[in-house]
Structure formats: C-alpha cells, structure tokens
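Encoded as structure tokens, the structure appears first; notes follow it.
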Amino acid sequence: MKPLAIVIVGASGRMGQSLIKSTLTDAGAFRLHAALDRPDSACIGQNAGYRLGLSSHVTISADLPAALQGADILIDFTRPEATVRHLAACREQGVNMIIGTTGLNHEDLAAIAAAADDIGIVHASNFSVGVNLTFKLIDMASRVLYSGFDVEIIEAHHRHKVDAPSGTALRMGEVAAQALGRDLTACATHGREGHTGPRPATTIGFSSIRGGDIVGDHTVLFAGDGERIEITHKASDRAIYAHGALRAAQWLSKKQGLFSMQDVLELN
Ligand code: NAD
C-alpha cells in the first residue's frame, strides 16, 4: 500500500517533534508530506528532521494551503485557535484530520462535528492505546463491581503540570460513573482533609500527586471488603501519543465522519 502523506502542524512542539520522529522512522507506512508551524516560530526554514538528527526532504513552513495539496491527513497537536483554523482549511481541501489538541471549547467541538460531514476526523483527548484500553477495563470492572466497592482514582504527574486532576483521570471518572449510572459532577470528591466524616458509598474520589518528571500514572481502585482491584496505566514516554495518533491515521485512511480512539481500537 502507498505510504500515507502526512502533514504535521506544531512541528517544533513536544508532540510535533515526537510525531515527526515516528513518521520519519516508519517510512513504509507514512511519508512526511509537510511540517508546519506559526510564521514567527524559530523553526521555519529548518529541515524537519534537523533537531531529531534524522534525514528528511521536508522544510518546516507556515504555508498551510500549499502543505495540504496532495496530502492524505493532517495531524494536529497544537492550540485550540490553531486547530480551528487547520480544521476549516482541511474541510475546504478535503484532507482528513487527527486532532489531539486539548482545551477545545463547545464551539470548537461543534465545528469539528460539522466538518466531519465532509471529511474524516479522529478526535481524542488521549491517543495512548494503553490508556484507551484502560478506559474499557474500567467500564467492565465498574459494571461487575457496582455494589460494595468504593471507587478512587489516583493520578501522578511531573512538577510542571498546572491542572489537577488530569483530563485523563477525569475521563476515567466519567467512564466509571457512566457504567455505574452516576453523575460524576454530583458524586466526585477531590482530595480530602480534616474531619471528612465517613465515605459516602456513591462517591468517586480523586487524588493527585505532583513531582519530578513523572510522565503520567493513573490508577482506578475498586476497594471492597476483603479484596480490592487496581487498574493502573503508567506512561513513561510521550511517544505513546504519537504512536496512537499514527495508528489512528492508518485506521482512518479515506473514511468520513467523526471517530474516537475507542472506534480506532474497536472497543465500542
Ligand atoms: P507544545 O507547546 O510543546 O507545542 C505546541 C505547538 O503548537 C508548537 O509547535 C507551537 O508553535 C504550535 N502552535 C501554538 N499556537 C499556534 C498557532 N496559533 N498556530 C500554529 N501553531 C501554533 O505543546 P505539546 O506538549 O506538543 O501539546 C500540544 C497539544 O497537544 C496540547 O493541547 C496538549 O494538551 C495536547 N496533547 C494531547 C495529547 C493526546 O493524546 N490527545 C497528548 C499530549 C499532548
């Protein structure tokens, strides 16, 4: 099969670099078609493989319309305002998209859903294959352990992370709450201190640890009388997100519509 012609935006970013590396090192399946960044980025004019010590024929540019010509798919891990702009251009030129940017608002999400009338899009707040399998395991465990088990979610991240709990921990809470027939906003408890009283049975608790260079650990604990089950995912390299995004790109290929990583992994 012909390699997929991939456009990577946010080329100088942490995810952009990881995506360029994964694309260039799997030349059988993927071809780096173009790499883009903001016009004021220091990487404009650089060879896309330069910082990674890899060889590439692509020069990083800010010319989106030119980059989309002849492209199969654009992979976007940038910022919401950039993603919305890329989305409009991809829709216009019929290029499919993988969207990993977080912090999208309701309007942005509506624009993604509307664009999926014309193009294929995989949108996920976490592209890790392992995390998405973990969501499925949490769903299964919650359905079996619906009574007599307390659900607690513990997450740990590096010292630079500015929000808590992590978006992935919240998603894990939503998956458990949905399977248990609860509303997460009503049953979530964040951290505990002082005289908290006994634990209400329907609570889903969240605890966050911050320190060092922890890439991302998540545990969902089902604590019962006489036994407990822990479902844990530990990330040690952000390449997992790039690998997941490229797996999604291959799966999406020429499809049209809006899909999630659960669709890509056939976990729905
Ligand atoms: P980063 O800050 O390292 O990189 C962001 C990139 O986007 C940079 O290259 C920057 O120049 C570019 N950019 C920013 N504003 C732009 C604009 N207006 N126009 C064009 N380009 C612009 O960030 P990162 O760690 O690579 O993360 C990027 C995004 O991906 C974030 O939203 C992050 O939360 C998300 N993310 C998602 C997943 C997932 O699995 N879905 C995993 C990791 C990160």
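Just so it is clear, none of the values below were taken in a lab; they were calculated from the coordinates. In this text, all values refer to a predicted model and were calculated from it rather than measured experimentally. Positions of Cβ are generated from backbone atoms using ideal geometry, with glycine treated the same way; all protein chains shown enter the neighbour counts.
Remark on Ala5: its backbone amide H falls under 5 Å from those of Arg31, Asp72, Ile73, a criterion applied only to residues 5 or more positions apart or on other chains, H modelled at 1.01 Å from N. Extending 7 Å from Cα along the Cβ direction at Ala110 and again at Thr185 yields two label points whose distance is 1.7 nm.
From Cα pairs below 8 angstrom and at least 6 apart in sequence, can you work out the relative contact order of the range 180-244, rounded to a whole percent?
23 percent
Between Ser56 and Gln178, what length comes free when the chain is fully extended (0.36 nm per residue of separation minus the Cα-Cα distance, one decimal in nm)? That works out to 39.3 nm of additional length.
Largest GNM mean-square fluctuation among Thr101, Thr202, Thr83, using the chain with Cα springs under 10 Å: Thr202. Each label point was placed 7 Å from the Cα along the Cα-to-Cβ direction; for Glu81 and Ser41 their separation is 1.6 nm. Within the chain, what percent of beta bridges assigned by DSSP are antiparallel, to the nearest 5? Percent antiparallel among DSSP bridges in the chain is about 35.
At a threshold of 8 angstrom on Cα-Cα distance, excluding pairs fewer than six apart, so keeping six or more, what relative contact order does the chain reach in percent?
Numbers: 514 pairs, mean separation 53.6, N = 268.
Relative contact order comes out at 20 percent.
Note that the range 58-67 has calculated 3J(HN,Hα) couplings of 9, 9, 5, 9, 10, 8, 5, x, 5, 5 Hz, one per residue in order, obtained from phi through the Karplus relation 6.51 cos²θ - 1.76 cosθ + 1.60 (θ = phi - 60°); glycine and proline are x. Reducing the range 125-162 and the range 178-223 to their Cα centroids gives an inter-centroid distance of 10 Å. For the range 121-127, putting each phi into the Karplus relation 6.51 cos²θ - 1.76 cosθ + 1.60 with θ = phi - 60° gives couplings of 9, 10, 10, 8, 7, 8, 8 Hz, in residue order, rounded to whole numbers and with x for Gly and Pro. A simple spin-label model places pseudo-atoms 7 Å from Cα toward Cβ; at Thr203 and Lys255 they are separated by 4.0 nm.
With 0.36 nm allotted per residue and the present C-alpha distance subtracted, the Lys161-Ala239 stretch has 26.3 nm of extension available.
Calculated from the alpha-carbon coordinates, the chain shows an Rg and a Dmax of 20.3, 63 Å respectively. For the range 75-83, backbone phi angles converted through the Karplus equation (6.51, -1.76, 1.60; θ = phi - 60°) give residue-by-residue couplings of 10, 10, 10, 10, 9, x, 5, 6, 4 Hz, Gly and Pro being listed as x.
For the range 52-183, just say rounded, prolate or oblate: build the C-alpha gyration tensor, square-root its eigenvalues into a ≥ b ≥ c, call rounded for a/c under 1.5, and beyond that prolate if a/b exceeds b/c, oblate if not.
Note, shape of the range 52-183 comes out prolate.
Per residue and in Å³, how big is the convex hull formed by the alpha-carbon atoms of the range 1-76? All intermediate terms of the calculation are to be shown ahead of the outcome.
Details: hull volume 5.9 nm³, N = 76.
Per-residue hull volume (Cα only) is 77 Å³.
In plain terms, the bigger the Kirkwood radius, the slower the diffusion; for the range 109-231, with that radius from Cα pairs, at 25 °C and 0.890 mPa s, Stokes-Einstein puts D at 155 µm²/s.
At 25 °C and 0.890 mPa s, what whole-number value in µm²/s does Stokes-Einstein give for the translational diffusion of the range 224-268, with Rh from the Kirkwood sum over Cα pairs? Could the numbers behind the result be given before it?
Numbers: Rh = 13.2 Å.
The calculation lands on 186 µm²/s.
From its DSSP helices (H runs of at least four residues, each -39,500 (n - 2.57)), the chain gives a residue-normalised ellipticity at 222 nm of -10500 deg cm²/dmol.
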